[in-house]
Every structure is written in C-alpha cells, then in structure tokens.
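One structure is given here, and the rest of the page talks about it.
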Amino acid sequence: MIKNLPRLLRLSVMTLGVLSMSLYSGDTFAQKKKKNKKGQTEAPAKPAEKPTPKKGPKPYDKVITKEAKTQEGLFKVHEIDGKYFYEIQDSLLGRDMLMVVTIAKTAEGIGYGGERTNTLMVNWDRNQDNILLKIKSVDNFAADSLPIAMAVENSNLEPILQRFPVEANATDSTGIVIDVTDLFAKDVQAVGLPSSRRTQYRVTRMDSDRSYIERISSYPINIEARYVNTYLASNPPSNSSTGSITLEMNTSMVLLPKEPMMQRLSDRRVGWFSRSMVDYGSDAQKAATRRYLDRWRLEVKDEDIEKFKRGELVEPKKQIVYYIDPATPKKWVPYLKQGVEDWQVAFEAAGFKNAIIAKEAPTKEEDPTWSPEDARFSVIRYFASDIQNAYGPHVSDPRSGEIIESDIGWYHNVMNLLRNWYFVQTAAINPEARSVKFKDEVMGRLIRFVSAHEVGHTLGLPHNFASSHAYPVEKLRDPEFTKEMGTAPSIMDYARFNYVAQPEDEGVSLMPNVGPYDKYAVAWGYRPILDASTPEEELSTLDQWITEKNGDPVYRYGRQGNSYDPTTQSEDLGDNSMLASEYGIKNLKRIMPNLMEWTKEDDKPYKDYEDLEEMYGQVIGQFNRYMGHVRTHVGGVHEVYKATGQEEAVYTHAPKEMQEGAVEFLNENLFATPTWMMDEEIIARIGDFGALERIRSLQVNTLNGILEWGRLGRVIENEALNGDQAYKITELFDDLRSGIWTELPSGKTIDVHRRALQRAHVERLELLMTGEVEPVPARFRRFVGPQLNASQSDIRPMVRGELKTLERQIRAAIPRTSDRMSKLHLEDALERVNMILEPK
C-alpha cells in the first residue's frame with residue numbers, strides 16, 4: 001500500500017520506520033540492559049507511573065477539613081485559611097434569588113455608604129460537575145401555558161455570571177460544595193465598581209494584592225458578603241497621589257419566595273414605585289408593557305376574612321416591622337420609632353390595624369443571633385457621617401413586586417439640614433427656631449418628620465410633588481385648617497415647613513403629617529380585593545377608587561422631575577407661587593435683621609461667624625427657591641394624569657394671568673435690586689469678597705431660566721394652540737425689557753447690580769440669536785421628548801426685533817443720562833447690541 005502513496009508521504013513513512021528501528025537496535029539509542037548476578041540480561045525496570053489525578057468532586061473531608069469555620073444558614077458557609085466555600089442543598093438549585101450590591105464604605109467623592117450599585121436576580125444551576133451562577137431576567141414574560149412562552153425563553157438565554165467546579169458532594173449526597181472566593185476576591189464587575197465609575201475615574205484594573213474578602217455571613221434567607229476592592233485609577237476623586245481607589249462593597253443574596261405574590265397593576269394616576277416587564281402573552285397586538293407595584297405582602301388571616309368584609313380593622317398575617325439600629329443615640333430612638341408608626345393611620349384606611357410597628361433592636365444578651373444584615377429584619381441604620389441626608393430604599397421581588405426587606409439609611413448630619421430648613425422657613429414666627437442649636441424636643445419632632453417621609457418610600461410611595469399645590473395659600477395661615485390637614489396632603493412631597501404663616505397666625509401648624517393623600521394611596525395599593533384572583537380582576541375596583549377622587553387636588557399625584565409644571569414643584573407651598581413667595585419674602589425680611597443675634601450662643605462667647613455665614617446663605621437660598629417657583633409659571637404646562645375613559649386633557653397650559661403675574665413679580669422682587677439682602681453688618685463678618693456676586697447670580701440664573709429654549713418653545717406653542725388666551729412671546733419679551741431696563745426713559749442712575757443684569761440680558765439675547773439647542777444624548781431622548789429647532793423657530797426673529805428695540809432705546813437714553821458710570825455702561829451696551837446685529 002505504501003507504493004501507492006504520494007512520493008513525499010512515502011519518504012516520511014519510511015523515515016519514521018528507520019528511526020523506530022534504530023531506537024531499538026543500537027546501544028547508542030537503546031536503553032542499557034542490566035545483567036544479574038548469573039550474568040543473565042534483564043529487561044530494564046519500567047519507570048513508576050504518576051497517578052492520574054481523579055477528575056470531579058473530591059471526598060468531602062478532603063475539601064471541608066477540620067480547620068473549617070462553618071456557619072449555618074441559607075447555604076452552609078465554610079471559611080478555611082481565607083478561602084470561602086458554599087455548601088448548597090440540591091433543593092436550592094434553580095431557586096430564584098436576588099443579589100443586591102451596595103457600597104458599604106467609600107472614599108470621599110465616590111457616592112456614599114449604602115448606595116446601591118446593582119441588583120440582579122440569579123439562580124444556581126448544576127451542569128455536570130459545575131455550578132453555574134446565572135443572571136435571570138423577568139423583563140420579558142409569557143405565561144407558561146401559552147405557546148409563545150417557548151419563544152420568549154429561546155430569546156432570553158440567561159447569561160452566566162460565574163462557573164464554579166463542584167469541589168465535593170455533601171456528606172448526605174443532598175448538596176454540593178463550591179469555592180466562591182474568586183467571585184468576591186477577583187474583579188467581577190457585576191459585584192464590584194460599576195462601569196460608569198470605572199470610566200469616570202479611569203480605572204485600569206483591580207489590584208488583587210490590596211483586595212480581599214472581609215467576611216461572608218450566612219442567615220436563614222440570605223447571605224451577606226463584605227469585601228474590599230482596590231482599583232488602579234489615573235483619575236481618583238481623592239488621595240490622587242496613591243493612583244488608586246478603595247471601596248468596601250457588600251453583596252446581599254436573598255432567597256425569593258417559591259410562589260410569587262400576586263401582582264397589583266400600577267396606574268400613573270396614583271404615585272407608586274413600580275417595575276415593568278414586556279408581556280408577550282397579553283391580548284394586545286403589540287409587545288405590551290406590564291407595570292406592577294412594589295409593596296409588602298399584607299394579607300388577611302383566614303379567621304378574620306368575614307370581619308374584614310364587614311369593614312372591621314384586622315391585623316395582617318405578618319406585620320411590617322422596623323428595628324432601630326443599636327448605634328442610634330438613645331434620645332432620638334423614640335422619634336424614629338414614632339415616624340414609623342405614624343403610618344398606622346394610613347394602613348387603617350387599607351383595613352389593617354397594627355400593620356406597621358417599630359422596635360428597638362435586641363441586645364446581644366436578648367438575642368445573640370440578631371444582625372442588621374439579616375434580611376429577615378428591616379432596620380433604620382444610623383451612620384456616623386457628615387452627609388446631610390437620609391434615604392429609604394427597599395429590596396423587592398422582580399417577579400411580583402413584593403418588598404422583601406428595607407434598610408433606611410440615616411446620616412447623623414441630616415440634623416444640620418433640618419436645623420437650616422426649620423430656621424430659615426419658620427424663625428420669623430417661631431421662637432423655637434431662633435437658634436443654631438434646638439432643644440432636643442424640637443429636633444426630635446423634626447427627626448420624626450423625616451423618618452416618616454423615608455418610611456413612606458420603603459412602603460412603595462415616591463415623591464408626590466403635586467401635593468403641596470392642593471391647599472389655597474391663605475388656608476396655610478389658618479390654625480384650625482392646618483391642625484386638621486397639615487400643610488400639605490402628603491408627607492411625601494418636599495413641602496418642608498410653613499414659610500407662608502405670618503407672626504399674627506398664632507397656633508398655625510408648621511409641617512405636614514401623614515395626610516389624606518397618603519392614606520388614600522396606601523389604601524389603593526394595599527387594601528386586599530378578596531374576590532379577585534388575578535391582577536386583571538382587580539382593575540375595575542382600583543379604577544373606581546381613583547375616579548371617586550377625580551377632580552379633587554388633594555388626591556392628585558404629580559411626578560418628580562417635571563420642570564415645566566408650576567403645580568408640581570419641589571419645596572413650594574400653596575396654589576399660588578406669587579402669593580406664597582410674597583409671604584415668604586416678608587418672613588425673610590424679618591429674619592435678616594436678627595441673624596447676628598439668633599446665630600449667637602451664650603455659652604460660646606468666642607465662637608467665629610461660621611453659623612452666621614451658613615444662615616445668611618440659607619436666607620439667600622430660600623429667596624432663590626421662591627424665584628424659581630415663580631419662574632416656572634412662565635411657559636408652564638400643567639400635567640394631570642387621566643385615563644382614556646375620563647375624556648379629559650392631561651396637558652394644559654398655565655393661565656395667561658398667572659404667567660403675566662409671574663413676570664411682574666420677578667420684575668418687582670428680583671430684577672429691581674433686592675437691597676434688603678445687602679446687610680453691611682453681616683457682609684463685613686463673613687467674607688472679603690462676593691456680596692455683589694450673590695445678588696448677580698440670583699438675578700442672572702432666573703433670567704436665563706426664563707429665556708431658555710424649551711420654555712420659549714412652550715410659550716410659542718401655547719400661542720399657536722390657544723391664540724389670544726395665551727401669554728405670547730412678544731408680551732413676554734416686552735414685559736422683561738420694561739422691568740430690566742426701567743432707567744432708559746428717564747435717564748436715571750443705573751446701580752451696579754442693574755448694570756450687571758442688563759449686560760446679562762444682552763448676552764442671553766446673543767446666545768438665543770447665535771447659539772444652538774444643545775443636543776440631548778440618544779439614551780435620554782425618550783425621557784425629554786421632542787427638541788426645539790432653534791433656527792426654524794420664531795425665537796430668532798423675536799430676538800432680532802428685541803435687539804433693534806433695545807438699540808433705539810439705549811441710543812436715545814445716553815444723552816439724557818448724567819451719571820458717568822451709567823453712561824459708560826449704556827455706551828458699552830449699545831456697542832454689544834450692534835455687534836450682535838452686525839457682526840464684523
């Protein structure tokens with residue numbers, strides 16, 4: 001057969017044959033043979049064969065040795081010389097679990113402790129001798145009974161986060177052991193620094209020598225992994241000389257219920273944190289989005305169903321319980337607890353009594369197993385931090401929206417924020433606020449207020465910025481009304497404290513409570529509908545509860561972030577921003593002359609003026625809020641959510657008289673220099689420069705906010721849709737000019753503040769004349785809607801006409817102006833206008 005092979009191949013085969021013969025025929029190449037004592041030749045001894053390592057799991061005791069430190073819990077967790085092993089029961093393979101990744105401790109400039117960076121639904125699956133940690137998604141859904149469910153499954157292959165070889169089988173053969181050290185000690189982005197932060201800080205890689213696992217703790221329904229990650233970074237936010245950043249991270253893995261709770265479908269007319277999936281099994285002739293609420297599982301006990309049907313209050317099968325962190329200063333514990341239990345009245349509207357309670361965390365002696373990291377416990381965590389904040393997150397089952405647990409973050413320095421708000425908004429009428437250090441009872445009441453607000457978030461309620469607009473401004477001065485209704489219908493608004501009330505309004509309430517909207521929203525989201533067995537069967541009842549309140553502003557929901565709706569603003573009060581701000585400014589004018597006295601401390605006669613500077617800044621900041629509330633009316637569009645069956649408009653333009661009134665208010669209170677804020681005694685004690693700049697920035701920021709592309713576009717559209725009923729762009733420009741350039745007809749002296757404002761007006765007109773609308777990044781376009789086309793809108797013709805009018809009026813004013821600086825200013829302004837109209 002060889003002769004039939006190609007010649008080159010035959011040569012190769014023959015060569016191999018010769019070589020193989022030579023290996024065995026010559027002593028030069030052959031192994032030397034030994035002779036025994038009788039002179040007989042023996043075959044050479046064969047070399048000892050190395051044992052082939054046995055593949056697959058090892059014996060349990062070869063992996064989990066006697067040195068192991070073992071914890072019982074959701075999984076058994078074994079620690080051996082810094083390595084961590086999970087012992088997973090077979091019954092938990094394939095079960096849905098939630099991994100919540102947070103920053104536990106951080107460097108300056110990198111978020112804050114408790115900030116969530118990622119949430120993943122996962123399960124642990126076995127593939128031969130490997131365990132796969134898979135990320136599971138519920139973004140796309142179809143009921144298992146439908147044929148399309150197979151297509152949904154085929155289109156949503158679960159990505160594998162990590163593969164773990166099975167190290168050993170459990171001793172009773174009902175589980176497996178894996179080494180999970182690398183999941184937390186190596187650079188796994190899903191449980192480490194997010195990609196956006198890596199880009200921001202120019203992270204190149206993780207430094208394994210400075211990264212390690214702090215601990216892994218196992219509890220009955222969750223496992224907590226705490227680990228330190230150090231990254232090499234060329235642009236770290238702090239400690240730049242190190243070229244690195246270090247974070248302490250925490251990943252909480254929580255077992256989800258085997259049977260998900262029944263969803264309750266959301267409705268945008270009621271504010272609620274919700275989640276969504278694309279339901280391919282719906283009857284809609286499109287890929288329909290299904291939205292459902294995040295809420296606790298509150299159920300009626302079987303023996304109480306008849307009582308509930310009769311309208312009697314019943315206790316739920318399982319209460320919502322919050323524990324107060326043992327690190328909390330004892331004097332604040334009662335107020336934090338009361339903030340939790342203030343919500344009992346809302347749950348009574350849903351048919352439950354004692355549905356939510358607060359407890360002090362047990363001591364080590366009372367319960368050595370209790371831990372704030374145990375997912376069975378919701379905790380108000382107290383952080384020793386200078387961050388002025390508190391936050392109320394929750395962990396919920398993505399399949400159903402069921403809230404599993406919540407840890408409210410409470411930063412010690414939130415008290416400074418509360419002090420500043422309460423001082424600047426109420427000190428004019430409230431002696432208890434006329435100090436930089438409040439009595440414990442006063443601060444405690446403020447803590448209770450914020451505690452209740454944050455608890456509301458953990459129950460599923462977002463901010464409701466329409467709430468504060470529901471009450472007439474004058475009602476906020478009525479002691480009887482405010483004691484019954486509070487200062488806003490919802491504690492979930494940013495209504496803060498009653499800056500409207502005047503000194504003669506004795507007995508008026510100063511802050512909101514859990515109010516009528518909160519009771520209505522909790523009842524809507526939590527009241528069981530016992531005769532419904534599917535979410536769809538609940539819809540008619542849920543709609544009825546909403547339509548019963550239709551048209552009543554007390555029960556309206558307004559989303560956060562709508563910057564063009566004057567009825568959904570942050571930090572405002574009442575149904576008329578101009579009137580409320582007028583009352584607020586009166587109170588600020590009462591505070592200013594007393595600032596130096598009210599920021600003193602008798603027991604600290606030698607303190608510096610740090611508190612005076614801070615409170616003066618608060619006065620300016622509060623005044624600026626009032627200007628922002630008023631400005632929003634210009635080009636404003638009201639958004640009131642409706643359903644198709646209501647046959648009512650969702651979007652309506654702000655009334656013409658309100659827009660005109662807003663510009664008139666700004667002309668009188670801001671653009672006419674607010675000299676009352678220029679207190680020489682205060683300025684001389686807080687800085688060597690900056691007094692003029694404070695006023696300039698207030699005026700210019702508000703002016704630029706009015707002459708902003710989107711706002712002007714809404715003004716133009718309002719006129720196109722509503723004709724003479726609209727506040728026209730020509731009227732807006734005329735009104736602004738008459739307020740900003742009032743000195744021109746008479747030749748009056750123009751003060752330094754007004755000169756800066758008038759230059760800013762010309763500069764803004766130049767931007768509108770020559771600039772372009774900054775494009776919105778593609779990923780945000782669906783949130784902001786259509787964008788104005790500047791070159792094809794009426795804005796530039798309007799601006800050109802405005803500049804020509806200004807040119808004529810300034811030219812005519814120069815000869816009649818006698819003040820030298822004012823004349824120089826007008827000559828400069830004229831040159832600026834001419835250069836815009838006729839650029840060289």
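Derivation of every value follows stated rules applied to the coordinates shown; laboratory data play no part. Keep in mind that what you see is a predicted model, and the values were worked out from it rather than measured. So basically every Cβ, Gly included, is an ideal-geometry build from the backbone, and we count neighbours across all protein chains shown.
With a Förster radius of 45 Å, plug the Cβ-Cβ distance of Gln809 and Glu647 into 1/(1 + (r/R0)^6) and report the FRET value to the nearest 0.05.
Details: r = 49 Å, r/R0 = 1.10.
Rounded to the nearest 0.05, the efficiency is 0.35.
For Asp735, neighbours were defined as the other residues whose beta-carbon sits under 10 Å from its Cβ, and their charges (Lys and Arg +1, Asp and Glu -1) total -3. Considering only Val799, Gly645, Pro165, and ranking their Cα positions along the charge dipole of the chain that arises from unit charges at the beta-carbon of Lys, Arg, Asp and Glu, the one farthest toward the positive end is Pro165. Legend: distances between Cα atoms for Lys62/Lys186; Lys804/Lys840; Lys586/Lys607; Lys318/Lys353; Lys309/Lys353; Lys549/Lys656; pairs beyond 20 Å are Lys62/Lys186; Lys586/Lys607; Lys549/Lys656.
The residue list Gly175, Leu193, Asn127 was ranked by how far each Cα lies along the charge dipole of region 60-256 toward its positive end, using unit charges on Cβ atoms, and Leu193 comes out on top. Ordering Lys483, Lys840 from the fewest to the most neighbouring beta carbons within 10 Å gives Lys840, Lys483.
Can you tell me the relative contact order of region 499-626? Whole percent, Cα pairs under 8 Å, sequence separation 6 or more. Present the calculation step by step, with values, prior to reporting the outcome.
On the way: 52 pairs, mean separation 34.8, N = 128.
It rounds to 27 percent for region 499-626.
Among the GluC sites (Glu not before Pro) found in region 464-572, those both in a DSSP coil and sparsely packed, with 16 or fewer other Cβ atoms within 10 Å of their Cβ, are Glu504, Glu506, Glu548. For region 296-413, the equivalent ellipsoid derived from the Cα gyration tensor has semi-axes of 29, 15, 15 Å, listed largest first. Binning the C-alpha pair distances of region 60-256 at 5 Å intervals from 0 yields a P(r) profile of 1, 7, 14, 18, 17, 14, 12, 9, 5, 2, 1, 0, 0 %, listed from the shortest bin outward. Relative to the longest principal Cα axis of the chain, at what angle does helix 577-591 sit, 0 to 90 degrees, rounded to 10? For 577-591 against the chain, the angle is about 80 degrees. All Cα-Cα separations within region 199-289 were binned at 10 Å from zero, giving a P(r) of 13, 23, 19, 22, 20, 3, 0, each value a whole percent of the pairs.
Residue order for Arg291, Arg275, fewest other beta carbons within 10 angstrom first, comes to Arg291, Arg275.
Given the DSSP H assignment, sum -39500 (n - 2.57) over each helix run of at least 4 residues in the chain and divide by its residue total; what's the result at 222 nm in deg cm²/dmol, nearest 500?
Result for the chain: -10500 deg cm²/dmol, rounded to the nearest 500.
Which angle from 0 to 90°, rounded to the nearest 10, does the C-alpha axis of helix 709-722 make with the longest principal axis of the chain? Once rounded, one gets 60 degrees.
Projected onto planes of every orientation and averaged, the convex hull of the alpha-carbon atoms in the chain covers 60.9 nm². When only Cα pairs below 8 angstrom with a gap of at least 6 residues are kept, the chain shows a relative contact order of 7 percent. Out of region 306-353, which GluC sites (Glu not before Pro) are coil in DSSP terms and have no more than 15 other C-beta atoms within 10 Å? Those satisfying the criteria are Glu312.
Please compute the contact order of region 60-256 in relative form: average sequence separation of alpha-carbon pairs under 8 Å and at least six residues apart, divided by the residue count, as a percent.
25 percent
Rg/Rh, computed from the Cα trace of region 785-840 with Rh as the Kirkwood radius, has the value 1.16.
Shown here for region 597-677: chymotrypsin sites (Phe, Trp or Tyr not before Pro) in loop regions (DSSP other than H, G, I, E, B) with at most 13 other Cβ atoms within 10 Å, namely Tyr606.
Roughly what % antiparallel, to the nearest 5, for the DSSP beta bridges in the chain? Walk me through the numbers before you get to the answer.
Values: 80 of 98 bridges.
Expressed as a percentage, antiparallel bridges in the chain total about 80.
Only the Cβ atoms of Lys and Arg (+1) and of Asp and Glu (-1) were treated as charged; on that basis the dipole of the chain about its Cα centre amounts to roughly 4720 debye. Relative to the dominant Cα principal axis of the chain, helix 820-837 is inclined by about 60°. So for region 410-507, Kirkwood radius off the Cα pairs, Stokes-Einstein at 4 °C and 1.567 mPa s: how many µm² s⁻¹? In µm²/s, the coefficient rounds to 90.
Compute the signed sum of charges (Lys and Arg +1, Asp and Glu -1) over the other residues within less than 13 Å, Cβ to Cβ, of Lys519.
Numbers: positive: Arg527, Lys549; negative: Asp342, Glu348, Asp518.
That works out to -1.
Put in order of Cβ neighbour count within 10 Å, fewest first, the listed residues Val514, Val455 become Val514, Val455. Amide H contacts of Gln560 (H built 1.01 Å from N, in plane; Pro and chain starts excluded): Phe465 sit under 5 Å, all sequence-distant by 5 or more or on other chains. Placing unit charges on each Cβ (+1 for Lys and Arg, -1 for Asp and Glu) gives the chain a dipole about its Cα centre, and among Ile546, Val379, His463 the Cα reaching farthest toward its positive end belongs to Val379.
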